[in-house]
Amino acid sequence: MTALIRMRVAARQDEALDICSLDLVAVDGSALPAFSAGAHIDVHLPGGLVRQYSLCNAPGETHRYRIAVLRDAASRGGSATVHDQLQVGTVLDIGTPRNLFELAPSAPHHLLLAGGIGITPLLAMAEQLAAQGAAFTLHHATRSRERTPFVAQLAAAPFAAQVHHHFDDGAANQKLDLAATLRSAPAGSHLYVCGPTGFMEAVLAEGRAQGWDEARLHREYFAAAPMGTAGDGGFELELASSGRVIPVAADQTALAALLAAGLDIPMSCEQGVCGTCLTGVKSGVPDHRDQYLTPEERAANNQFLPCCSRASSARLVLDL
């Protein structure tokens, strides 16, 4: 398991309607592990919940980690816990930063597209790229100005001229034109998108329609899209190392079956978003239901996310 760090909430600020930011510092006052733009931390919340939040402060800072959280009426309890229970002085544990959303170091230009609270990892990216003198543009699409976090911070940033806000309730000429934005990006640009699933899928679909290579399309999902489970059936998991067979019931996840069988599988989001439980597949055909693997990785069928994905074949032989 990832080592945990005992942290204290040192500052809390309302950044926009239903969005607050928290500055977390080590309880013992020590410097925190360094992180790069796009990294997130597992936050162990009161009540046993574990949630992933992107770090949005400038990479290179080791005295604090900053996260920002939207109170989401459709959440499974994490955002409500943050908003209602985490106050200045609250002590909690976090995991060390992990990065599944890295900047491409050799890209000639970086196009950052954020939807709503999806600005958090991209804010850190903008800070890192500006510090490196790299070329980038940041677009932030939100429902309204009052729901847009970090407006003042971005307006005061040295890279303010590279930031563009788009409000759904604003004038037509300031709304985000995805097709035009992607079409006008410099040749070889890499695109990074984070935000609501519908926003992200629209961005990625436009990129693919314009012929952007998949290697230049980077994304990070905050939550999995709802998926029907009425037709799910049971299947079997075989452990390649021992030949042991573990049945998975129709109403059970593969991860739950593995844990119940005594296996120590790293896990975090349990939604197929973070990639923590990624497991190798030696044979069989997974029914991929995650939002972590790329289309090419899914097609290879040599790994799957047992927290949400199932099997299209009667049995999967796992690299365990």
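Any chance the stretch 219-234 includes a residue that's among the polar types (S, T, N, Q), at pLDDT below 95 and out of contact with any Pro (no Cβ under 8 Å at 6 or more places or on another chain)? If you could, list the steps in order and put the result at the bottom.
Residues of the stretch 219-234 that are among the polar types (S, T, N, Q), as a first pass: 229.
Add one more test, that the residue is at pLDDT below 95, and what stays is 229.
Filter once more, keeping what is out of contact with any Pro (no Cβ under 8 Å at 6 or more places or on another chain): 229.
Yes, the stretch 219-234 has at least one match.
All but one of (1) open to solvent by 40 Å² or more (accessible area, probe 1.4 Å); (2) at positive phi; (3) under 20 Å from the mean Cα position of the chain (by Cα) hold for LEU278, so report the exception by its number.
All conditions pass for LEU278, except number (2).
Working only within the stretch 1-46, note down all residues that are under 19 Å from PRO149 (Cβ atoms) and charged (D, E, K, R).
ARG12, ASP14, GLU15, ASP18, ASP23
Just to be sure before I move on: is THR253 of a type in the set (Ser, Thr, Tyr) and open to solvent by 30 Å² or more (accessible area, probe 1.4 Å) in the structure I sent?
So THR253 passes the test.
More than 16 Å from the chain's Cα centre (by Cα), of a type in the set (A, V, I, L, M, F, W, C) and open to solvent by 20 Å² or more (accessible area, probe 1.4 Å), is that true of ALA141?
Criteria not met by ALA141.
ALA80: in contact (Cβ under 8 Å) with a residue 24 or more places away in the chain, open to solvent by less than 50 Å² (accessible area, probe 1.4 Å) and of a type in the set (Gly, Ala, Ser), yes or no?
no
Anything in the stretch 117-130 that is open to solvent by 20 Å² or more (accessible area, probe 1.4 Å) and either touching a residue at least 60 places away in the same chain (Cβ under 8 Å) or in a loop (DSSP other than H, G, I, E, B) (or both)? List them, or say none.
Listed by number, the residues that qualify are ILE117, GLU127, GLN128.
Sort out for me the strands (runs of 3 or more DSSP E) sitting completely within the stretch 1-100 that have 1 or more residues that are under 16 Å from the mean Cα position of the chain (by Cα).
On the way: elements: 4-16, 19-26, 39-44, 50-54, 65-70, 91-95.
Per the criteria, 39-44, 50-54, 65-70, 91-95.
Run SER21 past the list (1) open to solvent by 20 Å² or more (accessible area, probe 1.4 Å); (2) touching a Cys at 6+ places or on another chain (Cβ under 9 Å) and report the number of the one that doesn't hold.
All conditions are met except number (1).
From the residues in the stretch 56-68 that are over 15 Å from ALA131 (Cβ atoms) and out of contact with any Leu (no Cβ under 6 Å at 6 or more places or on another chain), which one is least open to solvent (accessible area, probe 1.4 Å)?
Within the stretch 56-68, the match that is least open to solvent (accessible area, probe 1.4 Å) is ALA68.
The values are calculated or read from the model by the stated rules, or taken from the named source; none is laboratory data. Note that this is a predicted model, so its numbers are computed, not measured. A quick note on method: Cβ atoms are made from the backbone with ideal geometry, for glycine too, and the neighbour counts reach across all protein chains shown. What goes into the accessible areas is simple: the full protein's heavy atoms, side chains included, and nothing from ligands, DNA or RNA. Shrake-Rupley method; radii C 1.70, N 1.55, O 1.52, S 1.80 Å.
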